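The values are calculated or read from the model by the stated rules, or taken from the named source; none is laboratory data. If you're wondering where the values come from, they're calculated on a predicted model, not measured in any experiment. So basically every Cβ, Gly included, is an ideal-geometry build from the backbone, and we count neighbours across all protein chains shown. Calculation scope for accessible area: heavy atoms of the full protein, side chains included, ligands and nucleic acids excluded. Shrake-Rupley method; radii C 1.70, N 1.55, O 1.52, S 1.80 Å.
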Amino acid sequence: MSNKKKRQIIKDVLTYIFLTLLGILMIYPLIWMFFSSFKSNNEIFGPLRLLPEHVIWDSFYRGWNSGQFTYSLYFKNTFMLVIPVVLFTLISSTLVAYGFARFTFPMKGALFSIMISTLMLPNAVIIIPRYILFNRFGWLNSYKPFTVPSIFACHPFFIFMLVQFFRGLPKELDESATIDGCNSFTTLVRIHMPLIKPALFSAAIFQFIWTWNDFFNSLIYINSVKKYTISLALRMSLDTAAAANWNEILAMSTLAILPSVLIFFFAQKYFVEGIATTGIKG
Amino acid sequence: MKGHVNSKKKKRQYIGLLYILPWILGFLIFQLYPFISSFIYSFTNYNMTSNTEFIGLKNYIDIFTKDSQFYNSLKVTIFYVFMAVPMKLIFALIIAMILNIKLKYVNFYRTIYYLPSILGGSVAVAVLWRFLFADSGLVNEILSFFGIPKIGWLSNPKIALFTISLLTVWQFGSSMVIFLAGLKQIPKELYEAATVDGVSKAGMFFTITLPLLTPIILFNLIMQMIIAFQEFTGSFVITNGGPMKSTYLYAMKLYDEGFLFMKMGYASALSWVLFTVILVCTALIFKSSEYWTYYEDGGQY
């Protein structure tokens, strides 16, 4: 018995060692990025030491102010794009999910199947006509190609996720709300929304991070540097860094992922909840 | 009585349509219309400057007979998908299995492993990858510390695509969380019964865990495959398709033709070829899944 117990302990210790090493391997690149922004360029490509030998303090300042515009503008632009997209996505997806989850109407099954199948529709096959369409609307070089589709619930992932949550709420709630004089909309706002708050929260942070990190769409739709998002600005810095100001680029990259990392750590449980209930992607 | 049942059945709540109206409009304008028109554009020489003419199958014929980069990028992409997706899923499954053992601090490890997958698609991480795997970057420095000669992670055409795939595998966390949720669903009684019957741990994995997890594996496989076929940011920022076009993924080819050279008709045809490839792969996986997925309700899913 005690022998068996001993074996179990050894096994547990080995498992922890493995998990910890893997964890270090996963996180080390990010830690390295942070510390390397304080290194000189020679030191970035050189010794293995994690901490800089000579701390360079101004790489953040110089990186921020490099180029035609400062990163203040790029951060502001990114927020101007991301925040409306998140808000519109939440509102539209909630309405649509409520419609699918709580009412019976003609063609509901077919429409729901279509909605689910658009989850699998490759973006690559619709991107060119979308570009042509937005060009005709005069939306290029603005954030409308991002915001307007989110008003029209063009992110089926979130509809699906919220439908799952709505289905978890007992129908008796709706009935008693009706008896208390609520119509369908006030039932949604007063009864359902408070109950699905965690789901709304996960949807918000997912959409925030995905939109924040988006590169392909920004690359296509935005072409003046004045409107650049952080993704585009970083890529531009990388192209123009002929003088090899590597620490500045790493410093700006660190700042670029900072909002996502902070949100991730503060709202950790919502991520896991969101992903586990829909079981889709991330 | 019968009338009552009927009226209940036919109870239509048209207000539901009002709630889903935003999606219906969004679907028609931003999804269905572009979907159909990209098919139509693929038979034209649309390029935003000169007059558009129908040119029949010319785009498709050119793709298959004249465009050598097409075959290269298709080959590169298929290699990438077949390398990155299985690696990512197998890794995610193994780690999920380990975390599913009753251990303390599981949540801590889960958080750490999950973090890269929320940052994975960003330019910042692609920039980081470029630094880490540069010829004199961190990875090679670590290797030379152990006396291993430097590897051209991004400069060797035979290896560069693998390095890009590593960025994908690094983001295994989201798949892991899904697997972990699936593993929690498996009833404990099954394992208890198997223990009574004297089944080994390995036996349990192959007769209980894996079969019950197959629907989730199938779903993950398909979603990850569709995403991987369209991978863009990694190769665009890290290697810009090089060296010697060895990481010139299909999405980059599509971007170059459509948005750099503005040959939008041609690019639409390219996108439909990609769509067909994805469709065929999805269909094959679905078809094959009849033999390897297990549904408790006998497939009435």
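Could you pull the Cα extents of segment B:173-240 along its three principal axes, largest to smallest, in whole Å?
For segment B:173-240, the Cα spread along each principal axis is 57, 18, 16 Å.
Leaving out ligands and nucleic acids, note down the accessible area per residue over the protein assembly as shown with a 1.4 angstrom probe, in whole Å².
Working: 27540 Å² over 583 residues.
Per residue, the protein assembly as shown has 47 Å² of solvent-accessible surface.
Could you work out what % of the accessible surface of chain A is carbon and sulfur, using a 1.4 angstrom probe and leaving DNA, RNA and ligands out of the count?
Numbers: 8580 of 12840 Å².
With neighbouring chains kept in place, the figure for chain A is 67 percent.
Which distance in nm do the two modelled labels at residue A:4 and residue B:146 give, with both placed 7 Å along the Cα-to-Cβ direction?
In this crude spin-label approximation the distance works out to 3.7 nm.
Just to check I understand the Karplus step: with θ = phi - 60° and J = 6.51 cos²θ - 1.76 cosθ + 1.60, what whole-Hz values come out for segment A:138-155, glycine and proline as x?
Per residue, the Karplus-derived 3J(HN,Hα) values read x, 9, 5, 6, 9, 9, 4, x, 9, 6, 4, x, 6, 5, 9, 6, 7, 10 Hz.
Can you give me the C-alpha center-to-center distance between segment B:122-160 and segment B:225-287, rounded to a whole angstrom?
25 Å
Going by amide H atoms built from the backbone, whose H comes under 5 Å of the H on residue B:44, apart from near neighbours?
B:55
In whole Å, what is the distance between the alpha-carbon centres of segment B:31-66 and segment A:6-26?
If you average the Cα positions of each part, the centres end up 56 Å apart.
Mind checking B:227-239 for the average number of partner chain beta-carbons within 10 Å of each residue's beta-carbon? Each step should come with its number before you reach the end.
Numbers: counts 3, 0, 2, 6, 1, 5, 7, 1, 0, 4, 6, 1, 0.
For this peptide, the per-residue mean of nearby foreign Cβ atoms is 3.
For the pair residue A:22/residue A:223, report the inter-label distance in nm, with labels modelled 7 Å from Cα in the Cβ direction.
Placing both labels 7 Å beyond Cα along the Cβ direction yields 4.7 nm.
Do the alpha carbons of any pairs in A:144/B:66; B:58/B:253; A:227/B:253; A:144/B:88; A:227/B:75; B:188/B:287 sit beyond 28 Å of each other, and which pairs?
Details: A:144/B:66 38 Å; B:58/B:253 18 Å; A:227/B:253 26 Å; A:144/B:88 35 Å; A:227/B:75 36 Å; B:188/B:287 31 Å.
Checking Cα-Cα distances, A:144/B:66; A:144/B:88; A:227/B:75; B:188/B:287 exceed 28 Å.
Please list B:169-181, A:97-109 highest first by mean number of surrounding beta-carbon atoms within 10 Å per residue.
Details: B:169-181: 23.6, A:97-109: 18.8.
Ranking the peptides B:169-181, A:97-109 by packing returns B:169-181, A:97-109.
Go through segment B:137-168 and flag every residue whose accessible area shrinks by 50 Å² or more with all protein chains in place compared to the isolated chain (probe 1.4 Å).
When all protein chains are present, B:138 each give up 50 Å² or more of accessible surface.
Provide, in order from the shortest bin, the percent of all Cα-Cα pairs of the protein assembly as shown in each 10 Å bin, continuing until the bin that contains the maximum pair distance.
P(r) over the protein assembly as shown, rounded to whole percents: 3, 15, 25, 27, 19, 9, 3, 1, 0.
Using a probe of 1.4 angstrom, how much of the accessible area of segment B:166-230 is carbon and sulfur, in percent? If you can, show how the numbers build up before the last one.
On the way: 1910 of 2760 Å².
Carbon and sulfur atoms account for 69 percent of the accessible area of segment B:166-230.
What total accessible area, in Å², is buried where chains A and B meet, using a 1.4 Å probe and rounding to the nearest 100?
Numbers: alone 17000 and 18950 Å², together 27540 Å².
For A against B, buried area totals roughly 8400 Å².
Regarding segment A:131-215, what are the three Cα extents along the principal axes, ordered largest first, in Å?
Per principal axis, max minus min of the Cα coordinates gives 50, 25, 16 Å.
Need one value for B:31-41: mean number of C-beta atoms belonging to other chains within 10 Å of its residues' C-beta atoms.
The shielding value for this peptide is 5.
Straight-line reach from residue A:197: which lysines have a Cα under 26 Å away, not including same-chain ones fewer than 8 places off?
Cα-Cα hits under 26 Å: A:108, A:171, A:269, A:281, B:184.
Using 1/(1 + (r/R0)^6) with R0 = 45 angstrom and r between the beta carbons of residue A:183 and residue B:29, what's the FRET efficiency to the nearest 0.05? The partial results should precede the final answer.
Numbers: r = 29 Å, r/R0 = 0.64.
For R0 = 45 Å, the calculated efficiency reads 0.95.
Using the Karplus curve 6.51 cos²θ - 1.76 cosθ + 1.60 with θ = phi - 60°, what ³J(HN,Hα) values do you get for each residue of segment A:219-229, in whole Hz, with x for Gly and Pro?
4, 7, 8, 10, 10, 9, 4, 4, 9, 4, 8
Quick check of the Kirkwood formula: for segment A:90-187, what is the inverse mean of 1/r over all pairs of different Cα atoms, in Å? Can you show the working numbers first?
Details: mean 1/r = 0.0643 Å⁻¹.
Computed over Cα pairs of segment A:90-187, the Kirkwood hydrodynamic radius comes out at 15.6 Å.
Could you work out, residue by residue across B:262-270, how many beta carbons of other chains sit within 10 Å of that residue's beta carbon, and then give the average as an integer? Write down the numbers at each step before the final one.
Numbers: counts 0, 0, 4, 1, 1, 4, 6, 0, 3.
Partner-chain Cβ atoms within 10 Å, mean over residues of B:262-270: 2.
Given the Cα atoms of chain B, and with Rh set as the inverse mean 1/r over their pairs in the Kirkwood sense, what is Rg to Rh to two decimals? Write down the numbers at each step before the final one.
Working: Rg = 24.4 Å, Rh = 23.0 Å.
Radius of gyration over Kirkwood radius for chain B works out to 1.06.
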